[in-house]
Every structure is written in C-alpha cells, then in structure tokens.
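Asks: Below: one structure in structure tokens.
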Amino acid sequence: MDINNIYFGTSGVPDNYFKTRYKKNRKNIVDWLLDLGLNAYEHLYTYGVRGSDEKNQYIKQKINEYNMMLSLHSPYYIVLTSDKKETIENSQKELIKTLDAAKYFNCKRIVLHPGFTNNSNALASFIKNIKEVINNHEYGKYIVPETMGKKSQLGSLEDIIAICQETGIKPSIDFGHLHARDLGCLNNEIDFQNVIIKLEKELGNESIKNLHCHFYPVAYTDKGEKVHRAVMEDDALPKFIHFASIIKEFNMKPVLISESHNSQDIGALQMKDILSKI
Ligand SMILES: [Zn+2]
C-alpha cells in the first residue's frame, strides 16, 4: 500500500544508536533516524523536561528541515488522578512545562499517562484536572492520553474514550498496553478491527485517521503489563501484521511509534516494511 503520510519512528533513542559514530551524544538522533528511513521520533521526558538549548535547537531545526513527526512523552510522575491537592498542582505544573517544550518544538502530540485507579473518582478527577490545563495553555488541546497496561492504572480503552469525549482531545493507543491489560486481547485482525471500529464510533473518523500509536510485543501477568518484549521474538504478541491490514482497510495515516525492548529502530523498520508490502 501507499505509505505516504504514514509515520514510523522510535520511542526514545534505541541501543543501536549508541554503537554509531555519534556514541553517547543524543543530539543526532534525528539524522540517524532519517538515515535509517524513518520519519518520526518520540522524545521522552520520562524523568522531567530537560535537554540543553543547543541540543533542542539542533533537533528542532532537523525536524523542520526534514518534515519529521515529533511527539513528546510527558514525565511519568505526572499523576492527575491523585486526591492530594499538592500532587495535582505539581503534576499540572510539570505538564505545563511539557506543553511549553511542545510549543518550542511546535509539537502537536503530547503523550500523557492519565494516572492511577486508586480512588473511585479517578476518572472524574483526571477529567477535571486535565481540563484546567487544557484551558490554560494553547498547546493543551494537543495532549493525547494513552491507554495503559496495568489494571491499577487509569487508561482502559473505555477510560480514554470517556476522557476524549469530555475534553475534545484525541486518543493515543498503546496496543501493547491494551493487549496486556486485557490479558491477551489482540490476537488477530478482527481484534484490531474492533478497537478501531469502537474508536471511530465513539470519537468520530477524525480520531482514527492520524491515530497516535505505540506498538511492540508485550509480556503480562494477571495484573496486566509486565515487560516490553524485543521485536525479534517469534512468538511475541501483538503482531503488527494484524494491525497493518486494518490500517489499509480504514485508510488510516497513523503515527506508528515502536517501543520494542532495546530494538525500537528494528520494530519501526519492520512496521514500515510490512505496511509497504500489503
Ligand atoms: Zn507511555
């Protein structure tokens, strides 16, 4: 199929990058991805919004020059479901910092983990707290809340749909997380089709057209996600080939970010290869 306007990229900087002439200097990640034939990059602010001005400027310039798709992943310690006022205020501050960075890069996909289900009001508190951020920052509307892999986390497919319906933001679908959370629910094309049909029905066609996706094989326990697996493991699920035919069927132009364990580059290239051949 025609893979124009479909984006393939890595979550963070894969191990293989550090084996190149760039060594530990992450500044050239965009150059490296381009050389591989990839056109998307998810920049991870896992432990906070940081990065030298020089590095940021360089990445920004390359992203613009080559029309790459940049997404930002907000810090993991943002918890907008807490019942502690202080935690919420600090989380909102951190999220605003991430949105400032998004504005700097003109990045319109800011991935966010919603939080935890430790109180019965988790969903309602999240919606209230995220609305305050959305209303206070011009890039707030570009936040994409992610489906989460553990049952202790807010972020089932239904949670994400409810959040998007209440706020008008778009979803981010982590298929590894969905598979793990529902103890192995993505085993064939029909399973993927059901997810896409549900999203389209509840959130409209616009929400699936340029869907932000995380893809990788996953291991899980009865509590959900255990660990991301490497893309090379033959028996690993979910399999991209099952999603690929649904992308074609629905004429989607998604952003496909690989989170395969220590092999995100290989995962992204594999997705590109599979899609271009069907
Ligand atoms: Zn994530």
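Asks: Scan the chain and hand back the longest stretch that contains none of the GluC sites (Glu not before Pro) lying in DSSP loops with at most 13 other Cβ atoms within 10 Å.
Replies: The segment 1-137 is the longest one with no such site.
Asks: Can you list residues from other chains, or at least 5 along the same chain, whose modelled amide H is less than 5 Å from the amide H of F116?
Replies: Residues meeting the criterion, in which the H sits 1.01 Å from N, are T81, L154.
Asks: Let me ask you something else. Where Lys and Arg each count +1 and Asp and Glu each count -1, what net charge lies around E202 among other residues with Cβ under 14 Å from its Cβ?
Replies: -2
Asks: Got a sec to turn the phi values of region 20-34 into Karplus ³J(HN,Hα) couplings, 6.51 cos²θ - 1.76 cosθ + 1.60 with θ = phi - 60°, whole Hz, x for Gly and Pro?
Replies: Working through the residues one at a time gives 8, 5, 6, 6, 8, 7, 6, 4, 8, 3, 5, 4, 5, 4, 4 Hz.
Asks: Additional query: Rank the residues D265, D234, D159 as a footprinting-exposure proxy: fewest other Cβ atoms within 10 Å of their Cβ go first.
Replies: D234, D159, D265
Asks: Which of the chymotrypsin sites (Phe, Trp or Tyr not before Pro) across region 4-78 are loop residues per DSSP, with 11 or fewer other Cβ within 10 Å?
Replies: Here the chymotrypsin sites (Phe, Trp or Tyr not before Pro) that fit, given the DSSP loop and packing criteria, are Y47.
Asks: Would you mind pulling out the separation of the Cα centroids of region 243-273 and region 114-131, in Å?
Replies: Going from one Cα centre to the other spans 30 Å.
Asks: Among the aspartates and glutamates, select those whose C-alpha is under 14 Å from the C-alpha of K141, and discard any that sit fewer than 8 residues away in the same chain.
Replies: Cross-link targets: D100, E132, E166.
Asks: Additional query: Quick check: net charge around V111, other residues with Cβ under 12 Å of its Cβ, Lys/Arg +1 and Asp/Glu -1?
Replies: Net local charge, V111 excluded: -1.
Asks: Here's something else I'd like to know. So what is the calculated 222 nm ellipticity per residue for the chain, using -39500 (n - 2.57) for each DSSP H run with n of 4 or more, over all residues, to the nearest 500 deg cm²/dmol?
Replies: Computed mean residue ellipticity for the chain: -13500 deg cm²/dmol.
Asks: Calculate one ³J(HN,Hα) per residue across region 118-134 by plugging θ = phi - 60° into the Karplus curve 6.51 cos²θ - 1.76 cosθ + 1.60, and present them in order as whole Hz with x for glycine and proline.
Replies: 6, 10, 5, 9, 3, 5, 5, 5, 4, 4, 4, 6, 6, 4, 4, 5, 4
Quick note: the coordinates plus some simple rules give every number you see, no bench work behind them. Quick caveat, the model's predicted, so the values are computed rather than measured. In this analysis, Cβ positions are derived from the backbone assuming ideal geometry, glycine residues included, and neighbour counts consider all displayed protein chains.
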